[in-house]
Amino acid sequence: MIYIKKPEEIETLQEGGRRHAYILSEVAKIVKPGVSTQDLEDLARTLIAEGGDTASFLNYTPQGADRPYPAALCVSINDEIVHGIPNEDPRVLDEGDIVSLDLGLTHEGLITDSAITVGVGKIDPEDKKLMEYCKEALHLGIKAARGGGHVGDIGYAIETFARAHKINLCEGLSGHGVGYKVHEDPFVENVGDKGKGDLLKPGMVIAIEPMMTFGTTKTILLDDGYTYITKDGSTAVHFEHTIAITDGEAIILTK
Ligand code: MG
Ligand code: MG
């Protein structure tokens, strides 16, 4: 079931999204060689608490998982695509690492979801290019998300861009509705056909999140039950925004 949010709920989500963007950018600022994933988690938790909000991912059990997620933040390094756990066997960041930071923030009962990928110190130009492409793909997906259109329009825009630049989308991982719960209907896939899928209606709130690599589309889920990695060890990047559908251009809530 797709929940349509009322204008006042969109306003709350917009305030939550502003806080969300601030926290992610503050965490990104401390990403440096020698910093541990635990440090990133700690800063995220401190900033969330300072705002009087809560971490949506902490203790959340997604469908199919056999234990609750143990952290506020997902920190996924290099070949890790998404859902890397920062506070179990924390890792120390190295020069050249590519780090995705994914956060869910609950503000006054409503959830926003957003992710960015940042480099640690001096990074490989190919990784830099992949990050730029992924950011662009996300914005093309957002542009395609208009009231009266269809969910497939979003995947079509992202997939077409990826193909043109010979980038692969990580298989089986997709965006989703968000707001009252971390994951709501509909699935927002990164591949699709124009005019297909659920109708996009004003008031729908969705997270769009391309996950990209120059390597294989194939993924592996690690034994921790959360971390997805690329099967061939290639670097993966991830950008995500929560947006609200309107009659015209969508509102980016997490900026
Ligand atoms: Mg996310
Ligand atoms: Mg998401």
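If you take all other residues with their beta carbon under 11 Å from the beta carbon of GLU184, and give Lys and Arg +1 and Asp and Glu -1, the sum is 0. Here the chain is treated with +1 on each Lys and Arg Cβ and -1 on each Asp and Glu Cβ, and its dipole about the Cα centre works out to around 660 debye.
If a spin label sat at a point 7 angstrom from the Cα of LYS143 along the line to its beta carbon, the backbone N atoms of the range 158-173 nearer than 20 Å would be those of 158-169.
Of the Cα atoms belonging to the range 26-140, the radius of gyration and Dmax stand at 14.4, 41 Å.
Counting Lys and Arg as +1 and Asp and Glu as -1 over every other residue whose Cβ lies under 13 Å from the Cβ of SER25, the net charge comes to +3.
Between SER36 and ASP124, the contour length at 0.36 nm per residue exceeds the Cα-Cα span by 29.6 nm. Taking only protein heavy atoms and a 1.4 Å probe, what accessible area per residue, in Å², does the chain have with all protein chains in place? Value returned for the chain: 44 Å² of accessible area per residue.
Shown here: the range 71-192, whose C-alpha atoms stretch 46, 40, 22 Å along the first, second and third principal axes, sorted largest to smallest. In this simple spin-label model, placing a label point 7 Å from the Cα along the Cα-to-Cβ direction at both TYR180 and ILE220 gives a separation of 4.0 nm. Take the convex hull of the alpha carbons in the range 2-47; its mean projected area over all directions comes to 4.3 nm². In plain terms, the chain from HIS165 to PHE187 could stretch by 5.5 nm, reckoned as 0.36 nm per residue minus the Cα-Cα distance. Give the cross-link partners of LYS5 among the lysines, using a straight C-alpha distance below 29 Å as the criterion and excluding same-chain residues fewer than 8 apart. Excluding near neighbours in sequence, the set is LYS135, LYS143, LYS181, LYS194, LYS196, LYS201, LYS255.
Taking only the C-alpha atoms of the range 7-252, the Rg (one decimal) and the largest Cα-Cα distance, Dmax (whole number), read 16.8, 48 Å. Of the peptides 207-213, 105-111, 9-15, the order by per-residue mean of other Cβ atoms within 10 Å, starting with the highest, comes out as 207-213, 105-111, 9-15. Using a 1.4 Å probe over the heavy atoms of the protein chains, calculate the carbon and sulfur portion of the accessible area of the range 7-252 as a whole percent. Carbon-and-sulfur percentage of accessible area, whole number: 50. Each other residue within a Cβ distance under 13 Å of ILE116 adds +1 if Lys or Arg and -1 if Asp or Glu, for a net charge of -3.
Counted residue by residue at 0.36 nm each, then reduced by the alpha carbon distance between them, the extension gain from ALA65 to LYS29 reaches 9.8 nm. Among ALA236, PRO33, HIS139, flag the residue with its Cα farthest along the positive direction of the charge dipole of the chain, charges on Cβ as +1 for Lys/Arg and -1 for Asp/Glu. Positive-most Cα among the choices belongs to HIS139.
With no solvent and one point on each alpha carbon, what is the Debye value of log10 I(q)/I(0) for the range 154-255 at q = 0.13, 0.15, 0.23 Å⁻¹? One equal scatterer on each Cα of the range 154-255 leads to -0.50, -0.66, -1.28.
Placing R0 at 35 angstrom, the Cβ-Cβ distance between GLU8 and LYS194 gives a FRET efficiency of 0.60 after rounding to 0.05.
The values are calculated or read from the model by the stated rules, or taken from the named source; none is laboratory data. Here the structure is a predicted model, which is why all the values come from computation and not from measurement. Note: ideal-geometry Cβ built from the backbone for every residue, glycine included; neighbour counts use all protein chains shown. What goes into the accessible areas is simple: the full protein's heavy atoms, side chains included, and nothing from ligands, DNA or RNA. Shrake-Rupley method; radii C 1.70, N 1.55, O 1.52, S 1.80 Å.
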